[in-house]
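Remarks on the structure that follows.
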Amino acid sequence: TAGIFYDTTSGGGHKYNGTIFKLAKPAAGGSTWTESVLYAFRGGSKDGSNPDAALAMDSSGALYGTTQDGGVGQVNGTIFRLAPPAAGATAWTETILYKFGHGRGANSVGRLVVGADGSLFGTTCGCGAGEESKGTVFQLSPPAAGSDKWVYRVLFTFTGGADGGTPHTGLTLGANNILYGTTSAGGTAGAGTVFSLAPPARVKGHYKETVLYSFTGADDGAYPRGGVALDAAGNVYTVAQYGGNAAFGNGAGTVIKLAPPAQAGAAWTETTLHTFDGLAGGGQPGSTPVVGADGTVYGTTDLGGNTTVCQNFGEPAGCGTVFALHPPASGTKWGFKVLHAFQISDGEVPWSGLFQDSTGLYGTTELGGSAFNGAVYKLKP
């Protein structure tokens with residue numbers, strides 16, 4: 001509420017193990033935002049390293065996230081909490097809540113979501129229960145009275161088959177505490193899925209997974225790496241990193257909409273809202289889209305845009321874009337517009353997605369900026 005941003009870097013800090021930082025607004029009349037490193041990961045078995053996802057915040061202002069490495073065997077990753085300073089103090093306190101490993105999920109690269117009871121929900125992209133596992137969905141519940149131990153539970157284990165596999169993003173919490181997400185593999189065509197996970201009717205019962213859609217790898221796209229956005233009507237929006245435009249190698253990706261069925265248990269209706277051209281119009285969207293109050297869908301592409309600035313092995317690639325898809329006033333065709341094409345100096349590869357407030361869109365880039373290590377940007381309408 002103070003307008004401060006909190007986020008992670010996967011590198012930098014102590015021995016390049018990554019950091020948690022905050023970005024505070026300029027003072028009145030100023031223009032420079034102030035960055036402060038709140039915590040630098042130490043790495044190794046006692047701490048995590050290389051956080052690769054955004055943070056979640058609870059009502060007390062504590063921050064929660066995951067690291068891709070560190071913990072058990074120094075390679076399985078962790079779940080951590082960063083608590084604000086106590087009164088009169090300045091240092092934030094990091095606590096490792098859980099260390100992945102031992103066949104119960106590993107390498108979480110998606111943002112956590114906080115449930116109404118304070119539970120944390122997330123995904124892992126490898127090393128679930130069983131040799132053929134392709135990732136998990138998990139819950140980490142707060143300690144019971146008189147205990148300080150958080151309780152970890154695997155809610156669902158992907159097989160890599162029709163149920164999906166290898167989720168590369170976090171979850172979205174919808175109505176009735178239903179969790180929504182994507183997998184970058186599996187499904188009926190092996191091109192990824194959109195899924196939901198419904199909570200059990202009884203305490204400690206089993207969550208039920210439903211595959212809402214399996215990508216075919218054709219006009220609808222393939223291999224989603226971003227999560228899903230929900231609108232007020234319960235429609236699901238997501239992006240596929242590849243597929244769509246077959247003239248562009250493996251395809252430059254798509255944006256799709258899934259409309260819920262009129263009757264429970266029936267099939268969801270898929271509509272491909274946009275196919276990227278891989279050039280000036282952007283290509284390979286890899287982040288979770290954002291749905292504005294007016295129904296406009298905003299997102300980013302990792303490539304495309306200004307192809308004269310960013311090249312890959314001498315071929316035009318582009319530094320990435322921010323785009324908008326406007327709902328049709330009449331008919332069925334959505335209006336597509338590139339809002340910004342990155343130039344390296346202002347960032348490159350904006351794969352972390354967007355945040356929207358009443359004044360504009362915010363995001364980060366993996367590369368580019370004045371030091372070529374990434375940038376935090378704002379896009380004003």
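The values are calculated or read from the model by the stated rules, or taken from the named source; none is laboratory data. Just so we're clear, the structure is a prediction, and the values are computed from it rather than from any experiment. Ideal geometry is used to build each Cβ from the backbone, glycine not excepted, and the neighbour counts take in all protein chains shown. With ligands, DNA and RNA removed, areas are computed over all heavy atoms of the protein, side chains included. Shrake-Rupley method; radii C 1.70, N 1.55, O 1.52, S 1.80 Å.
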Whether any residue in segment 209-224 is open to solvent by 30 Å² or more (accessible area, probe 1.4 Å), under 27 Å from ASP52 (Cβ atoms) and within 15 Å of the chain's Cα centre (by Cα) is what I want to check.
yes
Scan THR124, THR183, THR93 and give me the residue that is among the β-branched types (Val, Ile, Thr), open to solvent by less than 20 Å² (accessible area, probe 1.4 Å) and closer than 23 Å to ALA62 by Cβ.
THR124
Pairs returned, first residue in segment 367-381 that is of a type in the set (Ser, Thr, Tyr), second residue that is not in a strand (DSSP E or B), beta-carbon separation under 9 angstrom, 6 or more apart or interchain, are SER370/SER345; TYR377/PHE342; TYR377/ASP346; TYR377/PRO350; TYR377/GLY369
From the option list VAL137, VAL154, single residue qualifying as open to solvent by 40 Å² or more (accessible area, probe 1.4 Å) and either under 15 Å from LEU212 (Cβ atoms) or in contact (Cβ under 8 Å) with a residue 40 or more places away in the chain (or both) is VAL154
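Is it true that some residue in segment 312-323 is open to solvent by 30 Å² or more (accessible area, probe 1.4 Å) and modelled with pLDDT of 95 or more?
Start the filter on segment 312-323 by keeping residues that are open to solvent by 30 Å² or more (accessible area, probe 1.4 Å), which leaves 312-316.
Imposing the further condition that a residue be modelled with pLDDT of 95 or more reduces the set to none.
There is no residue in segment 312-323 that is open to solvent by 30 Å² or more (accessible area, probe 1.4 Å) and modelled with pLDDT of 95 or more.
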Looking at MET57 and the list (1) within 27 Å of THR172 (Cα to Cα); (2) open to solvent by 30 Å² or more (accessible area, probe 1.4 Å); (3) more than 21 Å from the chain's Cα centre (by Cα); (4) not acidic (Asp, Glu), which single condition is not satisfied?
(3)
Pairs please, first residue from segment 1-13 and charged (D, E, K, R), second anywhere and modelled with pLDDT of 95 or more and part of a strand (DSSP E or B), Cβ atoms under 9 Å, 6+ apart in sequence or on different chains.
ASP7/ILE20; ASP7/PHE21; ASP7/LYS22; ASP7/LEU23; ASP7/THR364; ASP7/VAL376
Are any of the residues in segment 327-335 under 19 Å from GLY221 (Cβ atoms) and basic (Lys, Arg)?
yes
Hits in segment 62-90 (condition: surrounded by fewer than 24 Cβ atoms within 10 Å (Cβ to Cβ), small (Gly, Ala, Ser) and in contact with a Gly (Cβ under 9 Å, 6 or more places away or on another chain))
GLY73, ALA83
How many residues does segment 253-298 contain that are open to solvent by less than 10 Å² (accessible area, probe 1.4 Å), in contact (Cβ under 8 Å) with a residue 40 or more places away in the chain and at positive phi?
2
Filter result (over 23 Å from GLN241 (Cα atoms) and of a type in the set (Ser, Thr, Tyr)) within segment 350-377
SER358, THR359, SER370
Tally the residues that are closer than 21 Å to ALA266 by Cα and either open to solvent by less than 10 Å² (accessible area, probe 1.4 Å) or in contact with a helix residue (DSSP H, G or I) (Cβ under 8 Å, 6 or more places away or on another chain) (or both), restricting the search to segment 160-180.
2
